[in-house]
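Just so it is clear, none of the values below were taken in a lab; they were calculated from the coordinates. Just so you know, these numbers come straight off a predicted model, no measurement behind them. Reconstructed Cβ throughout: ideal geometry from the backbone, glycine too, with neighbour counts over all protein chains shown.
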Amino acid sequence: MDQIWITGGRLGVGKVGAADIAGIIRREITGGTYQLNERLPSSRQLAEKYNVARNTLREALLQLEREGMLVTRAGSGTYVTFETSQSGAVDAIRGASPLELIDARFALEPHICRLCVLHGRREDFDNLARLCDIMESSIDDPAAFAEADTAFHKGLSLATRNNLLIWIIDQITGVRALDEWTRMRHVTLDRNIIAKYNAQHRQILNAIRSREPERAANHMKDHLETARLSLTRAVET
C-alpha cells in the first residue's frame, strides 16, 4: 500500500520499507534529533509518526541495533547508543555515491561468497532461498525487491560468521538508505533489470550451496558488474 513518508525533510508518497525507515531514523540520530542515551518514543508513536506498520518499524529498529546505533532494554525502551566520536564513519557513509558503494562491494562480496561456502549453514542457505523467492515475486515492485535484495546481501555476510565483515557490510548498506541511493533505485530498477538480478542471485546461491567458492565469487562479480553498468548508465542520463 502507498504510504506517506519522509525523505530529505520532505513528504512523499511511495512504498515504505524497513530500510527506508531505518534511514530516516539514522539521519535523525546523526543529525542530533535524538541524543546519546536518549530514549526513543514508543513504537506506537514512531509507527504513527512515519505512518508504517509496527512490524516495519520493528525491523527498522533491529537494523539500527545491529549497526550499534540503538539498544533495546527489556521493560524500559529503546535508547540511542550512537556517539559523536563515530561521526567520521557516518560522514564517509553520507558522502559515498552509489558507484562508490559498488566499488566497495567489489572489494568484499566475492570473498564473502567464498567464506559462505566455508562457514555457511543450512539455515543460512534456507534464509537466502526465502529471500530469492521474495525478490522473484517482487518483479513489479522495486521497493519490495530492494528491501529483500538488501537483506540477501546482508544474509551472505552473516553466513561468514565474521563479525568484522558483518559490521563493514552494515556500514556499506547504510548508503542504500541515503536519498541519492533511493533516487537511483527508482531510476534503475525496472522489470528487466530486476529479472536479471534475480537470475544472478540464484546463481550465487546455487554455487554456494554446491560448495563451489570460486564459481560463487565469479557469479557475484558478474552481478556487481551488472549493477555498476546500470548505475553508470543512470548517472549519464
**OP:** Mind ranking 122-128, 55-61 by how tightly packed they are, going by the mean number of other C-beta atoms within 10 angstrom, highest first?
**Re:** 55-61, 122-128
Original post:
Just going by the charge dipole of segment 96-236, with Lys and Arg at +1 and Asp and Glu at -1 on Cβ, which of 224, 213, 135 is farthest out on the positive end?
Top reply: 213
Subject >> Protection-proxy order for peptides 65-74, 214-223, each taking the mean of Cβ atoms within 10 Å per residue, highest first >> reply: 214-223, 65-74
Original post:
Using unit Cβ charges (K, R positive; D, E negative) and no other charged atoms, how large, in debye to the nearest 20, is the dipole of segment 96-236 about its Cα centre?
Top reply: 420
Subject >> Convex hull projection area averaged over all views, segment 96-236, Cα basis, nm² >> reply: 7.2
Original post:
What ranking, highest mean first, results for peptides 148-158, 109-119 when packing means the other Cβ atoms within 10 Å averaged over each residue?
Top reply: 148-158, 109-119
Original post:
residue 199 to residue 108: FRET efficiency via 1/(1 + (r/R0)^6), r the Cβ-Cβ distance, R0 25 Å, to the nearest 0.05?
Top reply: 0.65
